[in-house]
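Note sheet for the following structure.
Readers should treat all values here as calculations from the given coordinates under stated rules, not as data from a laboratory. Everything numeric in this text was worked out from a predicted model, so none of it was measured. All Cβ positions, even for glycine, are placed from backbone atoms using ideal geometry, and neighbour counts span all protein chains on display.
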Amino acid sequence: MPVSYENSKVIFEGIKAAGIKSVSALPETWLGLLLQRAEDDPDVDLIQVAKEEEAIGIAAGAYFAGEPHILLMQNHGFLAAINGVVSLAQLYGIPLCMLIAFRGHWGEPYPWHTRGGIVTEEVLRALSIPFELARDPDKVAQQISEAYTFSQSSLSPVALLLTRDLMED
Amino acid sequence: MERAKCIEMIYPELEDKLVVTIMGACAQELYNLGHRENFFYLQHAMGLASSIGLGLARHLPDERVIVLDGDGSVLMNLGTFTTLARYRPTNMIHVIFDNGSLLSTGGFDSQTTSGITDLAAIARGAGIEHVASADNELQFGEAFLEALELDDLSVIVAKVKAVGPDHYGMDLELPENAFRFRRFIREKKQAAAP
Ligand SMILES: Cc1ncc(C[n+]2csc(CCOP(=O)(O)OP(=O)(O)O)c2C)c(N)n1
Ligand SMILES: [Mg+2]
């Protein structure tokens, strides 16, 4: 299934509408069109990391600097970043607004995504990270804005899981 | 050379910079010289000091950011050199105190202890242009001054003895450090605003 051009645009516009101009990311298929937009937009600063855990540090730096920041990654990247989430963000009370491509779930044809997909929600719960699923293009902009607001008020990591419904046509 | 001496040497220069240090011995040695509101002590998450530095430097172009890192910590995030090289924060100096040891956790040898692994070469290979190695205090002082004069990203790998402070303890809770560090930056920005 192709990645949704329209919905990638809606998500990108949602990020901008939330007042966020700084983005760290590690690319993956579902995030490709979104990241392309971020790269092409002169108002948005995209920092591409080599591993997702770096983005936790970058987000902390952006927070200290007072710059609204969002992290884009795949759920497997989130799994790779957990120590940073726990031992930097949660330990110090640093907000993280994470948009996570929720691979390996309902309708997943690729075996390699499935284990990560199956454990993602339970891992988020185990870490007490509030999360919501984003399925509806009409609601996702509001969900992004609310996720960001909640991360700032709770001084906590917050995750919005981008589902297949939203990301594929 | 000892890390505590190196930090003492550059301490006056840190007054008007944003400083991020790794945990344990290094954090304590900086703290013992006198805490300042512009110091952030990363007390547990290994590898991320330079990533925090990049986040600060990229969003605060008018500030100078100094990262005090360790061999064990940086070995957990070697990819950071490639991200730093790619985005090249010209207002950041990344100092790595290489004591060949996981000193703060019992002093086990690290991968750099035999001298086979050269962190400076790794940084260079990642594409960082200004990389210096220092084996003694004179070299370290010179490298740091040179880095300050440059308007560019610098990495300094300082070979130090695997020795730490004689006591541990800070009168500073971890979230308190984060809140105050952030407030310090906000107030400085407000004061500078026209
Ligand atoms: C992920 C993780 N594994 C292990 C530890 C335990 N630990 C605490 S300090 C430390 C060594 C740090 O080494 P280095 O960065 O070289 O600093 P040094 O203590 O030598 O000054 C280790 C392994 C940890 N904090 N985090
Ligand atoms: Mg060490």
Once phi for every residue in segment A:13-18 is put through the Karplus expression 6.51 cos²θ - 1.76 cosθ + 1.60 (θ = phi - 60°), the whole-Hz ³J(HN,Hα) values, with Gly and Pro written as x, are 5, x, 4, 5, 5, 6
D for segment B:95-151, whole µm²/s, Stokes-Einstein with Kirkwood Rh over alpha-carbon pairs at 4 °C and 1.567 mPa s: what number?
102 µm²/s
Using alpha-carbon coordinates alone, the radius of gyration and Dmax of segment B:56-161 in Å work out to 13.4, 40
Using Cα springs under 10 Å in a Gaussian network model of chain B, which residue among B:Met76, B:Met23, B:Met46 shows the largest mean-square fluctuation?
B:Met76
Alpha-carbon spread of segment A:112-169, three principal axes, descending order, Å:
36, 30, 11
Can you tell me the alpha carbon radius of gyration of segment A:5-167 divided by the globular rule-of-thumb value 2.2 N^0.38 Å?
0.93
Show the residues, 5+ positions off or on another chain, whose built amide H is closer than 5 Å to the amide H of A:Ser22.
A:Asp45, A:Ile70
Long pairs among A:Lys51/B:Lys17; A:Lys51/A:Lys139; A:Lys21/B:Lys188; A:Lys139/B:Lys189, criterion Cα-Cα beyond 32 Å:
A:Lys139/B:Lys189
J(HN,Hα) series, segment A:143-150, from Karplus relation 6.51 cos²θ - 1.76 cosθ + 1.60, nearest Hz, glycine and proline x
5, 5, 4, 5, 4, 5, 4, 5
For chain B, just list the percent of Cα-Cα distances falling in each 10 Å bin from zero outward, please.
9, 40, 39, 12, 1, 0
Report the Stokes-Einstein translational diffusion coefficient (µm² s⁻¹, integer) for segment B:1-115, Rh taken as the Kirkwood radius over Cα pairs, at 25 °C with viscosity 0.890 mPa s.
172 µm²/s
Would you compute, from DSSP H runs of 4+ residues alone, the mean residue ellipticity of chain A at 222 nm, taking -39500 (n - 2.57) per run and dividing by the full residue count, rounded to the nearest 500?
-14000 deg cm²/dmol
Which value, in debye to the nearest 20, gives the size of the charge dipole of segment B:50-177 about its Cα centre, when Lys and Arg are +1 and Asp and Glu are -1 at the Cβ?
480 debye
Hey, could you pull the Cα Rg and Dmax for the protein assembly as shown, both in Å?
20.6, 63
Which whole-number percentage describes the relative contact order of segment A:14-147, with Cα contacts under 8 Å and a sequence gap of 6 or more?
26 percent
Could you please tell me the mean projected area of the C-alpha convex hull for segment B:46-104, averaged over all directions and given in square nanometres to one decimal?
3.7 nm²
